[in-house]
Amino acid sequence: MPGSLAFPTTFRSSASHQPRFDAVIIGAGAAGLLCAALAGHRGRRVLLLDHWPKVAEKIRISGGGRCNFTNLHTRPENFLSGNPHFCKSALSRYGPQDIIALLRKHRIGFHEKHKGQLFCDDSAEQLITALLEECAAGQVTHWQPCAVEAVEAAAPGFRVRTAKGWVSTDALVVATGGLSIPQIGASPFGYQLAEQFGLPIVPPRPALVPLAFDPALWAPFADLSGVSLEVDIQTDYEHRTVNFREDLLFTHRGLSGPAILQSSSYWQAGKPLRINLMGEVSEAAWIQSKQGNRRTLAGELSQHLPQRLAHALCAQTGDADRRMADFSDKALRTLWQHWHAWPVLPSGTLGWRKAEVTAGGIDTRALSSSTLMAMDVPGLHFIGEVVDVTGWLGGYNFQWAWSSAAACAQAL
Ligand code: FDA
């Protein structure tokens with residue numbers, strides 16, 4: 001494995017002569033790799049540590065193996081955080097064009113798939129190789145797998161007990177990611193370390209995650225598995241309404257697809273999502289359409305929605321076979337209003353095993369937005385997903401990993 005060096009013999013020494021680094025970075029995922037490489041290029045002596053046998057598993061599996069590594073339309077509005085302004089500084093200093101430049105430097109082909117989402121043409125593996133090459137060029141010492149067993153404050157800096165012995169460092173960068181997909185190395189280490197140093201944490205929760213539905217309540221729609229359509233979907237979040245226009249997919253267990261994943265990051269237990277199934281059909285046009293209309297309700301709704309969905313919705317009203325012309329304006333208005341903001345109540349999420357990311361994390365109020373350093377613990381930095389900054393679906397989470405990593409590297 002490139003950079004996976006054996007413990008240098010010159011470092012094997014007594015506690016008073018521990019190997020000393022300018023920065024120890026814990027976590028060799030997207031954020032940790034880029035931060036290590038950039039700090040190494042700035043002449044810093046960097047140790048990069050990761051407990052997992054394989055490097056950057058999430059880059060490898062992301063985007064169906066092609067890694068949606070950024071989004072051309074990245075803006076602060078695409079991120080969820082206790083402080084929506086926090087991400088601005090880092091995003092403005094290392095944006096999509098910077099990571100694109102890195103791919104170009106390594107001759108990695110990429111393409112835009114949809115809505116500004118950039119994917120590698122061939123394989124995410126190429127991006128991992130590029131990051132490892134950058135680390136090697138920056139003379140980063142990379143120990144992997146190597147567990148971190150303890151961290152202690154030591155004036156100045158920190159002492160870190162690793163599976164290969166103690167090291168000391170001026171700066172400690174925590175890039176251990178979130179809790180999603182524990183089967184490939186996710187751990188709560190970053191949150192535990194924050195607690196050890198007295199930093200506040202916004203409770204982590206699964207985000208970009210499929211939502212679960214009560215099987216009994218969902219039974220009338222279970223046969224719609226495979227139906228998909230683009231919808232506007234709304235979620236109430238704190239004191240505002242969050243809207244997405246995305247594809248919705250019916251499954252035999254409930255709803256899925258990008259519309260649900262995006263909404264899940266904002267969804268609060270017990271609150272319904274509202275889905276506009278009437279698309280561009282206005283209330284007035286819907287009522288107007290009854291004039292001389294011999295179609296049934298289900299037949300008319302099928303003009304706007306997939307037929308199976310139209311029939312399932314109309315079956316709920318008990319009026320599926322009634323002719324449009326026979327409805328009162330009031331009855332049609334009531335139906336339009338129901339389907340224009342069709343309420344669906346999730347019973348929960350499918351949890352950490354299915355979540356793409358973790359919302360919540362190290363509270364941004366405790367961190368500097370320009371250096372990602374804990375304001376009350378000089379030298380302790382948190383970058384990437386472990387921080388309370390969560391991107392939408394579509395390449396934003398990797399962009400946050402790159403941007404926060406670069407901002408931190410500048411400060412090391
Ligand atoms: P990341 O999780 O990448 O790295 C953390 C590293 O820390 C890991 O290598 C881990 O082993 C290590 N670590 C953890 N605990 C440790 C400990 N105790 N000691 C030492 N090391 C430790 N985003 C996006 O923008 N586009 C996409 O296409 C996708 N697709 C996608 C698919 C799937 C299935 C998932 C699960 C996630 C995505 N994401 C995504 C999200 C994206 O993968 C994620 O936001 C970034 O990888 C976060 O980068 P970090 O470096 O912060 O954490």
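Points worth noting:
- Cα centroid separation - region 142-173 against region 309-373, whole Å: 46 Å
- Virtual spin-label span in nm between residue 197 and residue 97, 7 Å along Cα→Cβ: 3.3 nm
- With each label modelled as a point 7 angstrom along the Cα→C-beta vector, the residue 104-residue 163 pair spans 4.0 nm.
- Rounded to the nearest 0.05, the FRET efficiency derived from the C-beta distance between residue 411 and residue 307 at R0 = 60 Å is 0.55.
- In the complete set of protein chains, residue-level accessible area for residue 280 is approximately 150 Å², probe 1.4 angstrom.
- Cα-derived Rg to Rh of region 103-177, Kirkwood definition: 1.14
- Every Cα-Cα pair in region 114-244 was counted, and those over 17 Å apart are 79% of them.
- Per residue solvent-accessible surface (Å²) - the chain, probe of 1.4 Å: 43 Å²
- Distance between modelled label sites at residue 115 and residue 329, nm, 7 Å Cα→Cβ extension: 3.7 nm
- Cβ-Cβ distance of residue 354 and residue 155, R₀ of 51 Å, FRET efficiency by 1/(1 + (r/R0)^6): the value works out to about 0.70.
- Taking only alpha carbon atoms, region 211-349 gives an Rg to Rh ratio of 0.98, where Rh is the Kirkwood radius.
- Of all DSSP beta bridges confined to the chain, the antiparallel ones make up roughly 75%.
- Area of residue 115 that stays accessible when all protein chains are in place (1.4 Å probe, Å², to 10): 90 Å²
- Here, region 278-412 has an Rg and a Dmax of 25.4, 75 Å when only alpha carbons are counted.
- Calculated over region 55-114, the projected area of the Cα convex hull averaged across directions stands at 5.3 nm².
- Note on the chain: Rg/Rh from C-alpha atoms, Kirkwood Rh, equals 1.09.
The values are calculated or read from the model by the stated rules, or taken from the named source; none is laboratory data. Because the structure is predicted, anything quoted here is derived from the model rather than measured. Glycine gets a Cβ as well: all are built from the backbone with ideal geometry, and neighbour counts include every protein chain shown. Note: areas computed on protein heavy atoms with side chains; ligands, DNA, RNA excluded. Shrake-Rupley method; radii C 1.70, N 1.55, O 1.52, S 1.80 Å.
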